[in-house]
Each structure stands twice: as C-alpha cells, then as structure tokens.
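Structure first, then comments.
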Amino acid sequence: MNRPATDAPSALMNPREGEKQGIAWKPLSLELQLWIEVSLLIAFGLIMIYSASSIAALKKFSDPNYYMKRQLLCIALGLPIILVISRTPYRIYKEYAGTILVATLMVLAFVLIPGVGAEINNARRWFRIGSFLIQPGEYAKVVWVVFLSYSLVRKQDRIKQSRISFWPHMVLCGAISLLLLKEPDFGTTVMVVMLTAIMLAVAGVPCRNFFYLLPVGVLGVYRFVYLVPYRRERITAFLNPWIDPLDSGYQLIQAWIAVGSGGFLGKGLGAGTQKLFYLPESYTDFIMAVIGEELGFVGIFTTCILFFFLFRTGLQISKQAPDLLGSLMALGLTMLLLLQALLNMGVVLGLVPTKGMPLPFISYGGSAFTANCLAVGLLMSIARGSEKRMDNNV
Amino acid sequence: MEKHEPRKFLTARYLSCRFLFQVLVILGLCTIVYKAFQLQVIEHSVWVDRANAQLNTTFQVPAYRGSIYDRNGRLLSYSVPQRSLYTAGFSSASLSSESRKLAQRLGPVLGEPQQAIEKKLASARHFTWIKRHLTDQQAWAVENLNGQGLNLINEYKRFYPHRQVGGQIVGFVGMDGVGLEGVEKSFDEILRGCSVPVGQMRDGTRKCLWMNSSAPPEPAESLGVKLTIDAFIQYLAECELEKAVQKYKARAGEVVVMDAQTSEVLAMANWPFFDPNLPDKNDAQLWRNRTVTDSFEPGSTFKVFLMSAALDENMVRERDRIYCEAGKCSLAGHQIKDVHPYGWLTMPEVIKFSSNIGAAKIALHVGSERYARYIHGFGFGSLSGIQLPGEVKGLVRPYRRWRPIDLAVTGFGQAIGVTTLQLTSAISTIANGGEHSPPIIAREIVDGQGKRVQEFHSSKDRRVISKKTADQIRAMMALVTQEGGTGTQAAPEGYSAAGKTGTAQVMDPVTKRYASNKYTAVFTGFTPVEQPKLVISVVVHEPHGAIYGGVIAAPVFRGIAAKALPYLGVTPSLPSPGPNPAVMQVKSNPSGNKGTSAHAAPPGKSGQTSAKQSAANKSAPGKAPAAGAVQANTTNKSREKLPTAVRGKQENPEKFSKAEGSIKSIY
C-alpha cells in the first residue's frame, strides 16, 4: 500500500483535518438528520413491537404477526404524512389554525358521546373505524402546539398583556383539559398543560401569570388526582409499589423486574419473559420495559441517545427557523415528542407516577404514531423553510 | 452548525427557555439512564431472583397406578383410562322434568333402571357418580346425548389380563384405585405413586409454558413391580393343582413353587381360583392367598426337619436303627400308629417309609428345646417377611409348654401349624445346603418405561443346619421318590427328585379333636436332586377317595416339575424309560456295577455334553414316544454316558442300601 491510499480515509474520517486540507465538512441537513433519527426509532420500534406483542397476538388472534402487521400499516400511513406535511409550507396553516382548533374541540366533545366514541376499559377516547381505533386526543396535542404558536406570534406585540396573551390561552387549555379529563385521558391532559406552559413561557408571557395559576393547579390536582381513587392509587403505588404488589403496584413491579433482570446486555432480542402476560401493556405503554429486558442497559441507553439526537435536531430546527412562528412551533413539537418520551420512560422506570403515555415512534398505536408523524412532518417543513432561506442567503 | 447566528426575532426569553429545556431534558435523560443503570447493573441480581421466583414453578405431572409384571415382564395388572359419568347437580328449577327426561335417555345406554338413574340425577349434592368405568361405547353414547349436567371424567381402571392366573398373588384394587389384596395391597404405596414434580416456567396468568416440549406431559405411569412369579409356571401349577383337586374332590389346594437357588417364589397357586377382574363376584374367602395366610398341620413332611435337628445335633447317626414297634405303640400315654408296620429302620428309612413311631421316638430323644430351636431356625413360627399382606406366623407353641405327647406328635408334623410358604422355604433351606434365605415375591421396582429402579435379592441370613446334615437329609429325601418310598409318583421323567410326603389329620375346629375323615395331603420337595432348581410344595385340603400325600400331592409335584424344568432350561440328568425297557436292561448290564447312585451323579454331567446333546436330552421328556429315536441320533459320546445314568437309576435302591447298611437285617 502506498501512502496516499492510507491517508485518504483518515482525512475523510477526521473533519478537522478535512477542514485543514480544505475539504468542506458539510453537515447533514436538519431534515435528513430528522429522517435518519425518526427512521431508526420507527425501525427499532417495529422490531420491539414484534418481540413484545407476538405472544399476546398469538393468544388473542392466533397470529403472532398481528400487531406488527398493523404497525406496518400505520408506518405505511405515517411516512406519506411526513412526506406531505414536510413539503407543505407550515405558514399556510395560519388562516386555519383557529378553525382547526375549534374542529378539534368539537371532535374531543363528540368522542364523549356514548355510541359515537368507543368505550374501552372505562375510558371513552376513541372512534372506531373498522378494526381501527382513532384517538383524537393524540392529534389534539399537535393541533394545540400549532395553534398556540400561531396565536402567540399573532399576539407577540401585546405579549406582556396577560389579558391578551395569557388568559385566552388558559381558557382554551382549560377547555381541552376538561374534555380530555372527561374521557378520561390524564396523560394527554398533562401533556397539554405542560405544552401550554412551555409555549407561553418561551413566547414571553410574563412569569408572574403562572403564579396566579398555582391555586388552580393545586385545585385541579386535588379534584382530578386526589379525588379520583385509581389515580390516587397510582400515586401511592408509585411512592411504594410493594404496599400492593399484586394490584396497584403490580405494573411498576413487573416493569422493574423486566428492566432489572435484563442486566447490562439484556436477555437477548425476543428472549424476554416478562411479556408473557406478566407485564401489562408490554407492546404499548410499557414497551420500554421489554427493551430493557431484552436489550439491557445498552438498549435503554441507545434509546435515550436516539431521543437525545431527536431533541438536538428539533432544537436546531427551532433555532434556525426562518421566523418566530417556525421557531415556536418547532420548539413546542420537539418538547411534545421529548416530554412524551421522558414521561413514558419515567413511568416505566418508576420515576413518574403511572399514566397512559406511549413512547413516540416505538410504542404500538396508530393514532399516536400518525400524530407524531404529523409533528415530525411539521418539523421538517420548518427545517426546509430555513434551508431555503439559507440557500437564498448564500 | 453553531456558526449560524441566532435569528433576530429570537428573544432572550426564548434563548433562556431553550437553554433551560435543554438542561432539563438532558437531566431527565440522565436520570432515566441512571435509574436504568441502578436497576440493571447495581440491583441486577435482585431483579433476576424476583423474575425467576415468579417465572419458575413446579408442574406436577399426574401419575396413574403402576403395572405389575411377572418375572419375564408379562403384564399381570395394569391401569387403563376409562370414563366415568357423574353429574354436577341440576339447577333446582329444571330438576324433576329434566332429570326424568335424561334418565329415560340414559337408561338404555347404561343398562340400568331409570328410577335409579333419576334418583342419582336429582341428587342435591354437587357431585354424584351416575356410573363409573363406562365402556367406550357407553361413553360415546353418553357424549352424544349432550345431556345438561352430565359430565365424563377419565378414571383409571385396573385390568388383570391373565384373569385368575395368580389372582390371589396380584390381588385387586378398590373402586378408587387403592390396593386391597395381594401385591396390589403390599406395594400399594409404590404402585399408587404420586405426581412427579417437573421444573417448569409459567406465564403471568400462572399457566405453565411448554416451550421445549411441544405439549404438556401425559399422565405418567407410576412405578411398577416386577414379581418373581413366572406366569407360565404359575399357570402350570394351577393346572396341575386343579387336576388333583378335582380328581379327589378336595376342599382346597395350594402350591408354592420356589427357585431353590434364589429363594424367589415362582408360583403360588390357590384353588379355588379367583379372578381379580371381578372381585365382587367372588366369595371374599377366595381373595386370600392362603399359601401365606392360612396354616395347616404339615404331617409327615415335618419329619425332615426333625431328622435335620437330630442329625445336626449328633443325637443320632445315619446308620442308627430304631425299632418301630411293628406299627403300633403307646408313647407318652397315647397310641401312635404307622400306616405299615415296620420293625427296625435306619434313619433314611424312617424318612423313606415315613414311620410315625420312628419319628416320635426320635423327637423324644432329641428333646423339646433342641427340636424347637431347629423348628424356629427353619423359619416356622415366624413371618417369612414376604411382601404379601396377611401373612401368618403359623402355630408353634413355646416348647416349654409342650407335653411329651406334643413333642412326640410334633415329630411327625401334628400339633404344629405352618404355612405352605414356610414349608417351601424350609425345604429350600435344606436343598440349599442348610443356609436359610427368606423367600421373596418382588424382583424389581421398575418405572413406567420398565426401567429398573430398585432390585430385590434374597440373601442368606443364617445357617440352620450344617452342610453335611443337609446333604444327608437330601439323600434321605431322594429315597422317598425312589422305589419303595412313599413319594414315587413325584419323580418327573428324566429328572431326579427328592421330597417328603405327608398326610396330616385335620383338627375339627368345633370339637377340637382330630376329625376322623379329614386329612391334608402334602408333598414337598425339590428337583433335580444334584443341583436343586425348584422347590415345590403341594398341599391338598380334605381330599376324598384317597388321603395320602404320596398319591394326591406327589403327582402334582411331578406334573409341575416335568414341565417347568425344561421350560427353565434344566437339562434332564436321567434318561427317560424309553419305549423298550429291555434295551435299557441290556445296556446297563455290561457295565455292571457299583459305586454310582442317582444322587451322587455328577451334576456337571449335562453341562459337559455338547449343546446339541443337551438339547436332545431336554426334548426327551417332552417327546416321550420319540425318545428312542432321539437317543439313537445322539453321538457316541452321549451313548457312552447315557448307560451310566440308566444304571444309576435302576440300581440305585440296592446300592444305596448296601452302602448305608443292611436293610435286610431289619426286615
């Protein structure tokens, strides 16, 4: 081997050296980064859904591939959504933002009507279309972020006026929350409230306003957590699951057993045993436990790294957005994805009280998946906008 | 990327919030990673234990009763699943009409009266058997009825494919599979078995997972018992016994066949027979294995043990003669009679001619204590320890309470009770050279696949008499089956046999006196004499038309031995009489003389001959008419040998008497 041949790869691998030698280190575009990250998450999720659900699917539908097939269908539906939304300028929603929100509120109200919304496990959150269940609450989160960013941009000049920038949004947030709590869907409610706070804070709404809400928040917690027996039970189970290990503490203990017994490298893909009906919701909300069991600490760490990269890319998009609207929306959507991921993993690991919250792109579930695709599509659309602008600038 | 300047419209609030979120999210991810690390690396072993604790379980593989085999693995008893019909109770509303309708349909299927079925159906209890152990056809028909409240369940029913063969040995089980008699009872715990725990994984619904095996294991057969019984010999013994019993219209009969070398019981026949498939249809009296549960007075067969004691204690010598009072004498205030009057008899002759007076005199000479010691030594008066239920010790009263007359009559086997098995075992002790080993009925414990789990052996536990004494007694017993002896009918063709006849009076249970017309005919002995293989005791209770053991029981002995010995591969050591005795006579004359006797014929003789010859010899007794032809075909070598044996047999009585002392002088 002669020297130039050996030099070439190292030059390619080391960006600094490349810079030195005048080779431009062109980073991947934000949209492409997002594509890679989301694709990895989706692929990883599909594998884990197959591993976690095959036994349950075999038992319930005599087809071990049942849930994986349906998830594939969701992916087939979700990827075009990303493609279409990412190629649609995000500004065009400006005019319809209000309409979309009103429509969403109406849908959320509709789903509460017995006979219209499907009731499963004492919760009425879904519309049944064929064998598919559509959960409007999942889309409401995205819609709410989009609406808030438009609304806040519109009111940017009067942002310091609480009457304009704070209270109207709080009223709307309260309305959505009440509708969601009526279903009941506590996880989505928490997300909506948190996103509202984040968006308002970022947009510059005076901080003192949040203190006004403290008593409301306390009252809300009292009314919707303390007075609702199963939620209170979840809190006590979260604080000490061993008080009632076979009932309220069961889920958390089983998740811990799954994750803990996985060890550093895990039991091996597919070799987990907790999905054998020990772990409830093993392929939806508690899929992280299966990942922890089968792929070990390495699996959880890798998942966290993937979400971290998604987060970084999202923040970059927000920072480089062509306008405040894109910036706010990108931040909100990124936080939407990340908060869900953090809360889900926190629930599985017992860091947060149990609430129904899927892990974005990994958990089984069509509505959440397509809603997240919607969010990613919007993020890409914003990223494309900034790229275009940069290209124009260059 | 960082080279791009933040947009103008991004406020400080935005930037600080963004920074805050960045920190918070990174903190959150770190917390998650830390928590995962804590669970998965630091506390890993704790959670593995918890996972295993809830995952691992033991599955009890159900077991059904094990089988009973004969020594060659033939099934004597096994369990077969059969369906039983029960009702779990009707709902009270539809009670009367429904159950009547159902009973009407069930009646013809089950072949039982409708009223009885209706009554059972209407029972208020949660569980009522309607009929157990249905036939397959019945179960199928019941299934097709689709009757509400009718349920079928698998139960295991015991089958005894050989029916009455060995019925009392095998015993039977009750409706719920508990052994009630025989081996079924004595090995009940082993046979019944228990479910076998198997390490298994279970899922969250506490169901067992069958990941490596495709299906849950079938109910396993529990441990079985392989008996020492040989079904063929058992059948043989039963046939021969039945012949004798029916010929003499006897009340009952028993036969025990034992392997002389191993003390294994090969057969235990009890007449009347008993079919364990139908225990309820037989008199409960028939369930007993009377060879161990009933004792009888052994009569003259007991003289053998008296003689053993006398010789072993050096109280008499073989050549000593005893005066037998010409058939009638008064001893210890009672009259004792002989069947035939004798004058002076040597010790072997006392056995050969079975003189009661001689035996009584010897008994009085030996004395209670010594005699009793030998009686117990041979195993009388104590349990043999055989694994069969209901064994009795027999009746041996403490010698200190024996009156002289008791001692005298015990000398010829009256006033003492023994079981057929005890008698056989004691004879086996003599046949074995004086060492006692307890009889055994079970050979092996085997698992459901027939693989041996445990083996039983009978080991010699004590020496009762010296080897020399045993040899002397064996020689005396051999005389019994020879010309002039009481048991000539016991000798099977081609084989030498030794034994002792007995004809005992039977105590009337009501009058407590010996009944004048009731006897027990006994023959006990072993064959072949040189190297005993079989010990056989035959007991026939209360025969009619004849009473003597030599007449009634001895032919049974011969019948069993003549067929069982070739079956067991024992080659004949004596030639069959053949079609023409004259030829034999001619052949025997040239070689002319002394020194050889049947019992002294080297046992290895047949072993030395080639396989071909032994095969020819073996076939000889079986094909008596063709025996001449067989002999003609044998090689020169065997022809040289055969006359020796012939001579041995024919000259034996004379030679023996010459060697042991002049019999003529006594007459």
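The values are calculated or read from the model by the stated rules, or taken from the named source; none is laboratory data. All figures in this text were calculated on a predicted structure; none of them were measured in a lab. Glycine also receives a Cβ, built like all others from the backbone with ideal geometry; neighbour counts cover every protein chain displayed.
Assuming A:Ala271 fulfils every condition listed in (1) more than 9 Å from chain B (Cβ to nearest Cβ); (2) without any contact (Cβ under 8 Å) to a residue 40 or more places away in the chain; (3) part of a helix (DSSP H, G or I); (4) surrounded by fewer than 23 Cβ atoms within 10 Å (Cβ to Cβ) apart from one, which condition is it?
(3)
Can we say B:Gly204 is over 31 Å from the mean Cα position of the chain (by Cα) and within 30 Å of A:Asp247 (Cβ to Cβ)? Quick ask: steps written out before the conclusion?
On the way: over 31 Å from the mean Cα position of the chain (by Cα): yes; within 30 Å of A:Asp247 (Cβ to Cβ): yes.
When the stated conditions are applied, B:Gly204 passes them.
If you check B:Asn56 against the conditions, is it within 14 Å of another protein chain (Cβ to nearest Cβ), exposed (fewer than 15 other Cβ atoms within 10 Å of the Cβ) and modelled with pLDDT of 85 or more? Reasoning before the result, please.
On the way: within 14 Å of another protein chain (Cβ to nearest Cβ): yes; exposed (fewer than 15 other Cβ atoms within 10 Å of the Cβ): yes; modelled with pLDDT of 85 or more: yes.
Against the criterion (within 14 Å of another protein chain (Cβ to nearest Cβ), exposed (fewer than 15 other Cβ atoms within 10 Å of the Cβ) and modelled with pLDDT of 85 or more), B:Asn56 qualifies.
All but one of (1) farther than 30 Å from B:Trp287 by Cβ; (2) touching an Asp or Glu at 6+ places or on another chain (Cβ under 8 Å); (3) without any contact (Cβ under 8 Å) to a residue 60 or more places away in the chain hold for B:Leu383, so report the exception by its number.
(1)
Of all residues in segment A:221-244 being farther than 15 Å from A:Phe186 by Cβ and without any contact (Cβ under 8 Å) to a residue 40 or more places away in the chain, which is surrounded by the fewest Cβ atoms within 10 Å (Cβ to Cβ)?
Step one: of segment A:221-244, the residues farther than 15 Å from A:Phe186 by Cβ are A:236, A:239-244.
Now narrow it down to the ones that are without any contact (Cβ under 8 Å) to a residue 40 or more places away in the chain: A:236, A:239-240, A:242-244.
Values: A:Thr236: 14, A:Leu239: 11, A:Asn240: 11, A:Trp242: 9, A:Ile243: 12, A:Asp244: 14.
If we take residues in segment A:221-244 being farther than 15 Å from A:Phe186 by Cβ and without any contact (Cβ under 8 Å) to a residue 40 or more places away in the chain, then A:Trp242 is surrounded by the fewest Cβ atoms within 10 Å (Cβ to Cβ).
Within segment A:324-364, restricting attention to residues that are small (Gly, Ala, Ser) and at pLDDT 90 or above, which residue is surrounded by the most Cβ atoms within 10 Å (Cβ to Cβ)? Walk me through how you get there before you give the answer.
Residues of segment A:324-364 small (Gly, Ala, Ser): A:326-327, A:330, A:332, A:341, A:346, A:350, A:356, A:363.
Then drop every residue that is not at pLDDT 90 or above, which leaves A:326-327, A:330, A:332, A:341, A:346, A:350, A:363.
Working: A:Gly326: 28, A:Ser327: 28, A:Ala330: 32, A:Gly332: 28, A:Ala341: 29, A:Gly346: 20, A:Gly350: 21, A:Ser363: 25.
Among those that are small (Gly, Ala, Ser) and at pLDDT 90 or above, it is A:Ala330.
List the pairs whose first member sits in segment A:245-265 and is within 8 Å of chain B (Cβ to nearest Cβ), whose second member is among the β-branched types (Val, Ile, Thr), and whose Cβ atoms are under 6 Å apart, counting only residues at least 6 apart or on separate chains?
As it stands, the answer is A:Ser261/B:Val48; A:Phe264/B:Val41, since those pairs meet every condition given.
Against the condition within 30 Å of A:Lys94 (Cα to Cα) and part of a helix (DSSP H, G or I), how does A:Met329 come out, does it pass? Reasoning before the result, please.
On the way: within 30 Å of A:Lys94 (Cα to Cα): yes; part of a helix (DSSP H, G or I): yes.
Judged against the criteria, A:Met329 is a match.
Looking at B:Val46, B:Val23, which one is at the interface with chain A (Cβ under 9 Å from one of its Cβ atoms), without any contact (Cβ under 8 Å) to a residue 60 or more places away in the chain and either within 30 Å of A:Gly292 (Cβ to Cβ) or surrounded by fewer than 18 Cβ atoms within 10 Å (Cβ to Cβ) (or both)? Break it down into steps so the answer makes sense when it comes.
Working: B:Val23 fails: at the interface with chain A (Cβ under 9 Å from one of its Cβ atoms).
One residue alone meets the criteria, B:Val46.
Just name the residue that is farthest from the chain's Cα centre (by Cα) out of those in segment B:26-43 that are under 17 Å from A:Gly266 (Cβ atoms) and either touching a residue at least 60 places away in the same chain (Cβ under 8 Å) or more than 7 Å from chain A (Cβ to nearest Cβ) (or both).
Our first condition is that a residue be under 17 Å from A:Gly266 (Cβ atoms); within segment B:26-43, this holds for B:32-33, B:35-43.
This time we only want the ones that are either touching a residue at least 60 places away in the same chain (Cβ under 8 Å) or more than 7 Å from chain A (Cβ to nearest Cβ) (or both), so: B:38, B:42.
Details: B:Gln38: 67, B:Ile42: 64 Å.
By that ranking, first place goes to B:Gln38.
Could you please give the count of residues in segment A:312-337 that are facing chain B (nearest Cβ under 8 Å) and within 15 Å of A:Ser363 (Cβ to Cβ)?
So the count comes out to 0.
Hey, B:Thr262 hits all of (1) of a type in the set (Ser, Thr, Tyr); (2) in contact with a strand residue (DSSP E or B) (Cβ under 7 Å, 6 or more places away or on another chain); (3) in a loop (DSSP other than H, G, I, E, B) but one; which does it fall short on?
The number of the failed condition is (2).
For segment A:345-356, which residues satisfy the criterion of being within 13 Å of the chain's Cα centre (by Cα) and more than 14 Å from every other protein chain (Cβ to nearest Cβ)?
Scanning segment A:345-356 gives a single hit, A:Gly356.
Which members of segment B:208-226 meet the condition of being within 14 Å of another protein chain (Cβ to nearest Cβ), surrounded by 13 or more Cβ atoms within 10 Å (Cβ to Cβ) and either assigned to a loop (DSSP other than H, G, I, E, B) or without any contact (Cβ under 8 Å) to a residue 40 or more places away in the chain (or both)?
B:Leu209, B:Trp210
Name the single residue, out of those in segment A:152-189 being more than 22 Å from the chain's Cα centre (by Cα) and among the hydroxyl-bearing types (Ser, Thr, Tyr), that is surrounded by the most Cβ atoms within 10 Å (Cβ to Cβ).
A:Ser165
For segment B:538-552: of the residues being within 11 Å of B:Gly253 (Cβ to Cβ) and in contact with a helix residue (DSSP H, G or I) (Cβ under 8 Å, 6 or more places away or on another chain), which is surrounded by the fewest Cβ atoms within 10 Å (Cβ to Cβ)? It would help to see each step written out before you state the result.
Initial filter on segment B:538-552 (within 11 Å of B:Gly253 (Cβ to Cβ)): B:538-543, B:552.
After this cut, where a residue has to be in contact with a helix residue (DSSP H, G or I) (Cβ under 8 Å, 6 or more places away or on another chain) as well, the list is B:538-540, B:543, B:552.
Details: B:Val538: 35, B:Val539: 34, B:Val540: 29, B:Pro543: 25, B:Ile552: 29.
Here the residue is B:Pro543.
Does B:Ser425 count as in contact with a Ser or Thr (Cβ under 8 Å, 6 or more places away or on another chain), among the polar types (S, T, N, Q) and outside any helix (DSSP H, G or I)? Show your work before the answer.
Values: in contact with a Ser or Thr (Cβ under 8 Å, 6 or more places away or on another chain): yes; among the polar types (S, T, N, Q): yes; outside any helix (DSSP H, G or I): no.
Here the answer is no, as B:Ser425 does not meet what is asked.
Of the residues B:Gly166, B:Gly147, only one is on the phi > 0 side of the Ramachandran plot and surrounded by 15 or more Cβ atoms within 10 Å (Cβ to Cβ); which?
Values: B:Gly147 fails: on the phi > 0 side of the Ramachandran plot.
Going through B:Gly166, B:Gly147 in turn, the sole match is B:Gly166.
From the residues in segment A:281-306 that are in contact with a helix residue (DSSP H, G or I) (Cβ under 7 Å, 6 or more places away or on another chain) and more than 25 Å from A:Ile36 (Cβ to Cβ), which one is farthest from the other protein chains (Cβ to nearest Cβ)?
Here the residue is A:Asp285.
Determine whether B:Ile229 is among the β-branched types (Val, Ile, Thr), closer than 20 Å to B:Pro389 by Cα, in a loop (DSSP other than H, G, I, E, B) and more than 14 Å from chain A (Cβ to nearest Cβ).
On the way: among the β-branched types (Val, Ile, Thr): yes; closer than 20 Å to B:Pro389 by Cα: yes; in a loop (DSSP other than H, G, I, E, B): yes; more than 14 Å from chain A (Cβ to nearest Cβ): yes.
The answer is yes for B:Ile229.
Conditions: (1) within 14 Å of chain A (Cβ to nearest Cβ); (2) touching a residue at least 40 places away in the same chain (Cβ under 8 Å). B:Thr205 meets all but one. Number of the miss?
The number of the failed condition is (2).
State all residues of segment B:341-382 that are surrounded by fewer than 19 Cβ atoms within 10 Å (Cβ to Cβ) and in a helix (DSSP H, G or I); if no residue qualifies, say none.
Residues satisfying the conditions are B:Leu364, B:His365, B:Glu369, B:Arg370, B:Arg373, B:His376.
Is at least one residue of segment B:397-419 surrounded by 24 or more Cβ atoms within 10 Å (Cβ to Cβ), within 28 Å of the chain's Cα centre (by Cα) and not in a loop (DSSP other than H, G, I, E, B)?
The answer is yes, given that some residue of segment B:397-419 is surrounded by 24 or more Cβ atoms within 10 Å (Cβ to Cβ), within 28 Å of the chain's Cα centre (by Cα) and not in a loop (DSSP other than H, G, I, E, B).
Sort out for me the helices (runs of 4 or more DSSP H) sitting completely within segment B:120-206 that have 2 or more residues that are among the β-branched types (Val, Ile, Thr).
Details: elements: B:136-145, B:167-170, B:182-186, B:188-192.
Output list reads B:167-170.
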